[in-house]
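Quick notes on the structure that follows.
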């Protein structure tokens, strides 16, 4: 392995480590929000709890927006730094590394974009749950840890929203698993 490839691989490992640290920081901040409580019946059974859930959703949206912006800047900077090292390589090696880098960046962008789409839909669906419970307060009773609806339409919408929340969670887990698998099996860049 020549010095260009050594530098490239070292830089790729540094970038990967920085990306993992940023992801950990985002996940830690997300965990602090206690998103699992946002849609808990015990919280949503009263106006104060719904306000707390809406506040948490607003903070999660801001956190995700900031992460989205930081991810974009990070990816551009990382790709630029790797591109500088590639530019110094002999053309044949440079061509192979550019192709590998392009594939890696595209894979990263697609996976992250999918993650953001799923989170944004989760946010809007969770907000709709809060709205529905506020709007239908007069036809809902909270008893024994669950909501009892006295009209079918709001109950059906509520159940559909919760089913979509579950589906979004499943899709998010799938997306993460696909990204981890691609990372393990693909080039060690980005």
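Size of region 1-87 from its Cα atoms: along the principal axes, largest to smallest, the extents are 65, 18, 12 Å.
For residue 117 and residue 163, the difference between the fully extended length at 0.36 nm per residue and the C-alpha to C-alpha distance is 14.8 nm. Helix 152-185 and the longest principal axis of the Cα set of the chain meet at an angle near 20°.
Mean-square fluctuation check for the chain, GNM, Cα pairs under 10 Å: which of 154, 41, 90 is largest? Among 154, 41, 90, the largest mean-square fluctuation in the Gaussian network model of the chain belongs to 90. Under the simplified labelling scheme, the residue 21-residue 109 pair shows an inter-label distance of 2.6 nm, with each label point 7 Å from Cα along Cα→Cβ. Relative to the longest principal axis of the Cα atoms of the chain, the long axis of helix 3-32 makes an angle of roughly 10 degrees. Using just its DSSP H runs of length 4 or more, each adding -39500 (n - 2.57), the chain gives a mean residue ellipticity at 222 nm of -29500 deg cm²/dmol after division by all residues.
Recomputing P(r) over Cα pairs in 10 Å bins from 0, in percent from the coordinates shown identifies the correct label among [x] 8, 28, 26, 17, 8, 5, 4, 3, 1, 0; [y] 8, 30, 24, 17, 12, 7, 3, 0; [z] 8, 17, 13, 12, 10, 9, 8, 7, 5, 4, 3, 2, 1, 0, 0 as [y]. A crude spin-label estimate for the pair residue 88 and residue 156, with each label 7 Å from Cα along the Cβ direction, gives 6.6 nm.
Just so you know, all these numbers are worked out from the coordinates, no wet-lab data involved. Being a predicted model, the structure only gives us computed values, none of them experimental. Here Cβ is always computed from backbone atoms with ideal geometry, including for glycine, and neighbour counts include all displayed protein chains.
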